[in-house]
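Trainee: Below: one structure in C-alpha cells.
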Amino acid sequence: MIRAEEPLIRVEGLHYTYQAGTPKPIPALRGIDLTVQAGEYVAVIGANGSGKSTLLRHFNALLLPTAGNVWVTKWNTRDTVHLRDIRSTVTMVFQVPDDQIVASVVEEDVAFGPENLGVPEDELHQRVDWALAAVGLTELRHRASRLLSSGQKQRLAIAAALAMQPRCLVLDEATAMLDPAGQTQVRKILHQLHQDGMTIISATHNMAEAVQAQRVVVLSEGRIAIQGDPRFVFAQEETLHALQLDVPYPTRMARMLATVIRDFPTDVLTVTELAEAISMHLGQPLELRPKPTTGVR
Amino acid sequence: MNSPAIPLIDIRGLTHSYLPGTPLETKSLCGIDLQVHAGETVGIIGPTGSGKSTLLQHMNGLLQPQQGEVHVNGLSLADPSVDMRLIRQRVGLVFQNPEDQLFERYAGDDVAYGPRNLGLPADQVRERVRLAMEMVGLPFAYKDRLIAELSHGQKRRLALAGVLALEPQVLLLDEPTAGLDPQGRRELLQVLRQWRAKAGRAMVLASHNMEDIAELATRVYVLVAGRIAFHGSPRDLFAHYEMLVQHSLAVPAATEVMHALRQYGYPVPTDVLSMEEAVNEIKGLLHVQTN
C-alpha cells in the first residue's frame, strides 16, 4: 500500500475572476479548499455557471488562481518551471470530442502526446496499445478518427489522455454530448480505470455517473456547498433543489414511494437498488408465490 | 396523418449519401417519409450516426435532397425559385453545439444578426433581441457580455435566442438539453412549451434524452441506420423496451424501473412515461399484494 505523503491535488483559498482588472470582473470561484488523494474518484456537480469548468482547469494549470494556490503533488501550478510535470500528471478530457482530436488516424491521435514528449518508440507502441485497449478501441485503431461516432471519439480522447500516463484524469462533462450507449461505455471505462488505481475527477450532470464516484463535490456560485459520499450528498434533496440540482431519478422515486409506503428507504441510488427495495416491501410477486411443483425435478 | 391542412414540413422518399459516387460513399438517409403539422412536437430519436442531424438539416434547406422531396409550407426546396432565406427564417435550426452557431463577439450582436439581415430598422431589431433574450431567460443586459465569457448553458440559451429572434414557424432542435443542468433543462423545456403554445407553430426535437421526448413530444420517429424503424406516440414507443435497447437507446427512468420490476416478476405495465405514473402503478401493486 503506497499512501502518498501529500495529496495528489491540493487547492487552498482558490479565487478566480474572469475579466479581472476590467470594469466588469466576473468572479467564478470564491474561496475553494479541496484536496484529492491519489486513487480517489471525485464527481463534481453543480448548476451551469457554478464554476465546475473553471475549477477543473486549475488542476493542470490551464488557469492560474486570481488568489490562493493549487498544488499538483509538490508543484505549485504558478511555478511555470514545472508546467510539463503538472500537465503529464493531470490530463484533461473535454466535453466536445472534436475539439481534442488532432490526428486523422485513431492510433496516431493516441500517439500524438507521448510522441511529442519524446517517448522512445517501443515504449510509445506499448502506451498506445494499452490506452486503446483500456477504452475498447483496439479494433478501430486504423480508422479515420473523423468517421468515428461521438461516443467513439470521446473514448479516443480518453485514450489520448491515458497515453500520457497521467496519475489523474480530469473530465469536464465528457459524457454530455454522447448517446445513452456512449454514456454507459464511458461510465464503465471510468469505473474500470478507477479500479486499476487511476485518480478520476469528473464534472458531470449525469447523476448515474456521479453515484459511482467515491466523493461528490457540489459547487454553487464558486463555492463548495456540500461534499461527501454519494449517499450522503443525495440524501439532501431540498438543499440540492435550492442549488438547482436534482437527486438521481431512482432516489427521487424512492422519496415519492416513501410518502405512500411506510418505512420505504429513501437512500437508494440506482434502478437496481430501487427495484430491490420495492420487492422487499411488496413481498414476493403473486405469480411467483409457491406453485404446485410440476413433477420434473 | 389525415390532417386536411398542408403539413408545415413534408418529406417524401428522402435519401441522402455523404461523398456520393466515391468509394467512401456512406448512405445517411434512406427513403424517409415524415410530416410535421402545426401544433405538433415531433421527436426524432436514434443512436449516434443514425442520420438525425442530417434529417434536420434537410428541413430548412441546409442540405438539398439528392433523392426524394422536401416541402416546407407547400414549397419544394428543390425549386430554384424558392427563396431559401425565407425558408430558413420560417424554419429555424438550433444546433447541438452552440459554439457552431455563435460567431459574434458580443451576445447581443449574435441575437441581432438574423433580424438585421431581414433588413428591420434598428429599433425593431433591438425589440426582437430584447424579446428573444427575455424568452430564453437571459437578462437583456447580457447583450453587452462577451460570448467567450458566457457559460455553456448561457451560450445554449443565446443560440436559441438568435433563432427565436427570426420568429420562425417551425423550430428544429438538435439535442437541446445536452449538457444543461437539471434546472437549466427544466427552464428550457418551459421556454419551449411557451413558445409552441402559440397557434400555427411546430417543433422538431432530435434528442437522446428520453425524458425530454416523454415530456414534450406528441409523435416520435425512431431513426436507425438512416431508416425509420418506428413511428408512433411516446407511450407506444417506450412500451417497445427491447427494440430501444437493441438500438442502443434508453427509456425514461420511470419506464426502466417498471422493467426492472417486471424482471422481479411483478405484473406492472411498462408504458409509463412519468415518475408519478410509475409510483401510482407501484401503489396499485401494494394494494393487490396486501389483499
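The values are calculated or read from the model by the stated rules, or taken from the named source; none is laboratory data. The structure displayed is predicted, hence computed values, not measured ones. Cβ coordinates were reconstructed from backbone atoms using ideal geometry, including for glycine residues, and neighbour counts include every protein chain displayed. Quick note on the areas: whole protein, heavy atoms, side chains included, nothing else; ligands and nucleic acids left out. Shrake-Rupley method; radii C 1.70, N 1.55, O 1.52, S 1.80 Å.
Trainee: Take the residues in the range B:205-221 that are among the charged types (D, E, K, R) and open to solvent by 10 Å² or more (accessible area, probe 1.4 Å), then tell me which one is modelled with the highest pLDDT. Break it down into steps so the answer makes sense when it comes.
Mentor: Pass one, the range B:205-221, residues among the charged types (D, E, K, R): B:211-212, B:215, B:219.
Subset that is open to solvent by 10 Å² or more (accessible area, probe 1.4 Å): B:211, B:215, B:219.
Numbers: B:GLU211: 87, B:GLU215: 91, B:ARG219: 96.
The extreme case among them is B:ARG219.
Trainee: Taking the range A:137-149 as the search range and keeping residues that are in a loop (DSSP other than H, G, I, E, B) and modelled with pLDDT of 85 or more, which one is farthest from the other protein chains (Cβ to nearest Cβ)?
Mentor: Going residue by residue through the range A:137-149, those that are in a loop (DSSP other than H, G, I, E, B) are A:137, A:141-143, A:148-149.
Checking the rest, the ones that are also modelled with pLDDT of 85 or more come to A:137, A:141-143.
Values: A:LEU137: 15, A:ARG141: 19, A:HIS142: 15, A:ARG143: 12 Å.
Ranking the qualifying residues of the range A:137-149, first place goes to A:ARG141.
Trainee: Check A:GLN152, A:GLN165 and return the single one that is touching a helix residue (DSSP H, G or I) at 6+ places or on another chain (Cβ under 9 Å) and assigned to a loop (DSSP other than H, G, I, E, B).
Mentor: On the way: A:GLN152 fails: assigned to a loop (DSSP other than H, G, I, E, B).
None of the others qualify; the one that does is A:GLN165.
Trainee: Something else about it: Would you be able to say whether some residue in the range B:55-76 is more than 30 Å from B:ILE147 (Cα to Cα), modelled with pLDDT of 90 or more and β-branched (Val, Ile, Thr)?
Mentor: yes
Trainee: Tell me the residue from A:THR35, A:THR54 that is of a type in the set (Ser, Thr, Tyr) and part of a helix (DSSP H, G or I), please.
Mentor: Values: A:THR35 fails: part of a helix (DSSP H, G or I).
That would be A:THR54, the only listed residue that is of a type in the set (Ser, Thr, Tyr) and part of a helix (DSSP H, G or I).
Trainee: Here is a further query. Is it the case, given these coordinates, that B:GLU256 is away from chain A (no Cβ under 14 Å) and without any contact (Cβ under 8 Å) to a residue 40 or more places away in the chain? It would help to see each step written out before you state the result.
Mentor: Details: away from chain A (no Cβ under 14 Å): no; without any contact (Cβ under 8 Å) to a residue 40 or more places away in the chain: yes.
Against the criterion (away from chain A (no Cβ under 14 Å) and without any contact (Cβ under 8 Å) to a residue 40 or more places away in the chain), B:GLU256 does not qualify.
Trainee: Go through the residues of the range B:113-128 one by one and say whether even a single one is open to solvent by 60 Å² or more (accessible area, probe 1.4 Å), in contact with a Gly (Cβ under 8 Å, 6 or more places away or on another chain) and assigned to a helix (DSSP H, G or I).
Mentor: For the range B:113-128, residues open to solvent by 60 Å² or more (accessible area, probe 1.4 Å), in contact with a Gly (Cβ under 8 Å, 6 or more places away or on another chain) and assigned to a helix (DSSP H, G or I): present.
Trainee: Residue under question is A:LYS24, and the condition is that it be over 25 Å from A:LEU156 (Cβ atoms), basic (Lys, Arg), surrounded by fewer than 16 Cβ atoms within 10 Å (Cβ to Cβ) and within 14 Å of chain B (Cβ to nearest Cβ); does it hold?
Mentor: Values: over 25 Å from A:LEU156 (Cβ atoms): yes; basic (Lys, Arg): yes; surrounded by fewer than 16 Cβ atoms within 10 Å (Cβ to Cβ): yes; within 14 Å of chain B (Cβ to nearest Cβ): yes.
Against the criterion (over 25 Å from A:LEU156 (Cβ atoms), basic (Lys, Arg), surrounded by fewer than 16 Cβ atoms within 10 Å (Cβ to Cβ) and within 14 Å of chain B (Cβ to nearest Cβ)), A:LYS24 qualifies.
Trainee: Suppose we filter A:VAL110, A:VAL128 for residues that are out of contact with any Leu (no Cβ under 7 Å at 6 or more places or on another chain), open to solvent by less than 20 Å² (accessible area, probe 1.4 Å) and outside any loop (DSSP other than H, G, I, E, B); which single one remains? Reasoning before the result, please.
Mentor: Working: A:VAL110 fails: out of contact with any Leu (no Cβ under 7 Å at 6 or more places or on another chain).
On inspection, the qualifying residue turns out to be A:VAL128.
Trainee: Could you run through the range B:86-105 and say how many residues are under 12 Å from B:ILE147 (Cα atoms) and in contact (Cβ under 8 Å) with a residue 12 or more places away in the chain? I'd like the intermediate steps shown before the answer.
Mentor: Filtering the range B:86-105 for residues under 12 Å from B:ILE147 (Cα atoms) gives B:98-99, B:101-105.
Retained after the next criterion (residues that are in contact (Cβ under 8 Å) with a residue 12 or more places away in the chain): B:98-99, B:101-102, B:104-105.
Here the count works out to 6.
Trainee: Would it be correct to say that B:HIS16 is in contact with a helix residue (DSSP H, G or I) (Cβ under 8 Å, 6 or more places away or on another chain) and either surrounded by fewer than 19 Cβ atoms within 10 Å (Cβ to Cβ) or in the same structural domain as B:VAL170 (by TED's automatic domain parsing) (or both)? Talk me through it step by step, then tell me what you get.
Mentor: Numbers: in contact with a helix residue (DSSP H, G or I) (Cβ under 8 Å, 6 or more places away or on another chain): yes; either surrounded by fewer than 19 Cβ atoms within 10 Å (Cβ to Cβ) or in the same structural domain as B:VAL170 (by TED's automatic domain parsing) (or both): yes.
Answer is yes for this residue.
Trainee: If B:GLY265 meets every condition in (1) touching a Leu at 6+ places or on another chain (Cβ under 6 Å); (2) assigned by TED's automatic domain parsing to the domain that holds B:ASP212 apart from one, which number is that one?
Mentor: Result: B:GLY265 passes all but (2).
Trainee: Just to verify a result, which residue in the range A:38-51, among those that are in a loop (DSSP other than H, G, I, E, B) and at pLDDT 95 or above, is nearest to the chain's Cα centre (by Cα)? Give the derivation first.
Mentor: Looking only at the range A:38-51, we keep the residues that are in a loop (DSSP other than H, G, I, E, B), and these are A:38-40, A:47-51.
Remaining after also requiring at pLDDT 95 or above: A:38-40.
On the way: A:ALA38: 15, A:GLY39: 13, A:GLU40: 11 Å.
So the residue we want is A:GLU40.
Trainee: Any chance you could count how many residues in the range B:263-290 are touching a Pro at 6+ places or on another chain (Cβ under 9 Å), at the interface with chain A (Cβ under 10 Å from one of its Cβ atoms) and over 18 Å from B:ASP212 (Cβ atoms)?
Mentor: Of the residues in that region, 7 qualify.
Trainee: Among the residues of the range B:29-53, count how many are among the polar types (S, T, N, Q), touching a residue at least 60 places away in the same chain (Cβ under 8 Å) and under 16 Å from B:VAL70 (Cα atoms).
Mentor: Number of matching residues: 1.
Trainee: Follow-up question, since we're still on this one. Within 17 Å of the chain's Cα centre (by Cα), open to solvent by less than 60 Å² (accessible area, probe 1.4 Å) and either over 14 Å from B:ILE44 (Cα atoms) or not acidic (Asp, Glu) (or both) - does that describe any residue in the range B:239-249?
Mentor: Applying the first criterion (within 17 Å of the chain's Cα centre (by Cα)) to the range B:239-249 yields B:249.
Now drop any that are not open to solvent by less than 60 Å² (accessible area, probe 1.4 Å), which leaves B:249.
Now narrow it down to the ones that are either over 14 Å from B:ILE44 (Cα atoms) or not acidic (Asp, Glu) (or both): B:249.
Scanning the range B:239-249, I find at least one residue that is within 17 Å of the chain's Cα centre (by Cα), open to solvent by less than 60 Å² (accessible area, probe 1.4 Å) and either over 14 Å from B:ILE44 (Cα atoms) or not acidic (Asp, Glu) (or both), so the answer is yes.
Trainee: May I ask you to say which residue of B:GLU242, B:GLU281, B:GLU215, B:GLU211 is free of Cβ contacts under 8 Å to residues at least 24 places away in the same chain and assigned by TED's automatic domain parsing to the domain that holds B:ARG157? Quick ask: steps written out before the conclusion?
Mentor: Numbers: B:GLU281 fails: assigned by TED's automatic domain parsing to the domain that holds B:ARG157; B:GLU215 fails: free of Cβ contacts under 8 Å to residues at least 24 places away in the same chain; B:GLU211 fails: free of Cβ contacts under 8 Å to residues at least 24 places away in the same chain.
Of B:GLU242, B:GLU281, B:GLU215, B:GLU211, the one residue that is free of Cβ contacts under 8 Å to residues at least 24 places away in the same chain and assigned by TED's automatic domain parsing to the domain that holds B:ARG157 is B:GLU242.
Trainee: Select from the range A:182-210 the residues that are under 20 Å from A:PRO97 (Cβ atoms) and more than 12 Å from the chain's Cα centre (by Cα) and list them in ascending order.
Mentor: Within the range A:182-210, A:GLY182, A:THR184, A:GLN185, A:GLN192 meet the criteria.
Trainee: I've got another one for you. Among the listed residues A:ARG78, A:ARG87, identify the single one that is in the same structural domain as A:ARG146 (by TED's automatic domain parsing), more than 14 Å from A:VAL170 (Cα to Cα) and open to solvent by 40 Å² or more (accessible area, probe 1.4 Å). Break it down stepwise before answering.
Mentor: Values: A:ARG87 fails: more than 14 Å from A:VAL170 (Cα to Cα).
Result of the check over A:ARG78, A:ARG87: A:ARG78.
Trainee: Cβ-Cβ below 6 Å, separation at least six or inter-chain, first residue in the range A:208-237 and on the phi < 0 side of the Ramachandran plot, second of a type in the set (Lys, Arg) and surrounded by 22 or more Cβ atoms within 10 Å (Cβ to Cβ): which pairs?
Mentor: Hits for this filter: A:LEU219/A:LYS52.
Trainee: Where residues in the range B:157-193 are farther than 23 Å from B:GLU40 by Cβ and either touching a Phe, Trp or Tyr at 6+ places or on another chain (Cβ under 6 Å) or within 11 Å of chain A (Cβ to nearest Cβ) (or both), which of them is surrounded by the fewest Cβ atoms within 10 Å (Cβ to Cβ)?
Mentor: B:GLN183
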